[in-house]
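As structure tokens, the structure follows; a few thoughts come after it.
The values are calculated or read from the model by the stated rules, or taken from the named source; none is laboratory data. Keep in mind that what you see is a predicted model, and the values were worked out from it rather than measured. Here the Cβ is made from the backbone with ideal geometry for all residues, glycine too, and neighbour counts use every protein chain on show. The area values use the complete protein model at the heavy-atom level, side chains included, leaving out ligands, DNA and RNA. Shrake-Rupley method; radii C 1.70, N 1.55, O 1.52, S 1.80 Å.
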Amino acid sequence: MSVSAAPQIIVANGSLRSAGFRERVLAASGAGFDGFGIHVRDYAHLRSAGWTDADLRAVLRDNGFDLIEIETVLGWDDPPERRNTDGLHREQLAFELADAVGARHVMAVGALTGEPRETAAEGFAGLCDRAADHGLLVALEPQACSTIADLRSAVAIVRTAGRPNGGLNLDIWHATRGAWPRAELAALNGHEIMVVQIDDGPMEPVTDDYLAECTHYRTAPGEGEFDIAGFLSTAYGTGTTAPVSVEVMSDELDDLPVQTAAVRLATATRRVLSRTS
């Protein structure tokens with residue numbers, strides 16, 4: 001990679017999704033990750049189970065570990081008068097979590113049904129402004145299972161919104177499955193890339209169900225057929241200093257002890273990064 005220093009390496013929420021908060025922190029920190037991510041849904045479950053924000057802070061402090069990434073806000077691209085309860089609740093939870101324990105960025109995706117929203121750029125600008133009050137960057141993730149399905153559409157939204165804390169999450173899964181032109185990736189400005197997400201898998205889809213495949217059949221970096229080296233070289237060739245988020249949603253990993261899964265992901269990721277440095 002064309003980077004002056006090694007990027008932070010985060011283990012994303014989906015990678016260790018079968019573990020509880022404390023177990024996830026212990027496993028990820030023990031494997032040598034720089035930080036981790038959790039979903040707002042998990043934060044809500046923790047609070048329902050009696051965890052306080054002070055409890056979360058204590059676990060992080062005791063392990064010298066950081067929450068860096070928050071998943072996922074929805075509904076921001078609808079007009080304000082049409083935003084649904086789930087989208088509003090997710091956003092509020094994301095901001096409360098960031099206020100409670102700190103975080104670098106929150107992930108955003110487009111609507112999961114219907115047509116692309118004409119209000120997407122305006123909505124993204126508003127989301128970025130609200131997130132800025134909580135010290136958060138906002139990373140928009142184009143994915144084929146949403147109304148913001150490709151890189152070009154996401155870039156247009158980010159640039160029209162024009163917010164300094166707004167940018168892109170580039171996930172190799174969606175780049176590969178969506179056949180994003182490498183030239184479009186190379187043409188990005190480094191500051192527009194907030195997160196670079198890696199995983200791996202077969203070039204031929206396992207199933208025609210896109211959402212099912214990307215949430216069950218990913219593999220650790222280097223264990224599949226994706227061109228991770230080319231993807232990373234192009235992304236970091238833009239001059240970005242964004243962290244690498246390792247998102248491997250895999251039934252196989254779910255069945256492993258969380259410590260084993262964390263070490264496997266960390267080892268695989270370091271191996272891939274060493275080959276592209």
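Brief remarks on what is shown
- Cα shape, region 1-127, gyration tensor, a/c 1.5 rule: oblate
- Among GLY20, GLY114, GLY75: highest mean-square fluctuation, GNM of the chain, C-alpha pairs under 10 Å: GLY114
- Calculated SAXS-style log₁₀ I(q)/I(0) at q = 0.09, 0.17 Å⁻¹ - region 128-277, Debye, Cα scatterers: -0.29, -1.01
- Solvent-accessible area, 1.4 Å probe, carbon plus sulfur percent, for region 26-104: 47
- Under the membrane-span-like helix rule (DSSP H runs whose alpha carbons stretch at least 27 Å along the helix axis, mean Kyte-Doolittle hydropathy 0.5 or higher), the chain yields none.
- The share of alpha-carbon pairs in region 159-247 lying farther apart than 19 Å comes to 40%.
- Placing R0 at 35 angstrom, the Cβ-Cβ distance between GLU115 and THR276 gives a FRET efficiency of 0.40 after rounding to 0.05.
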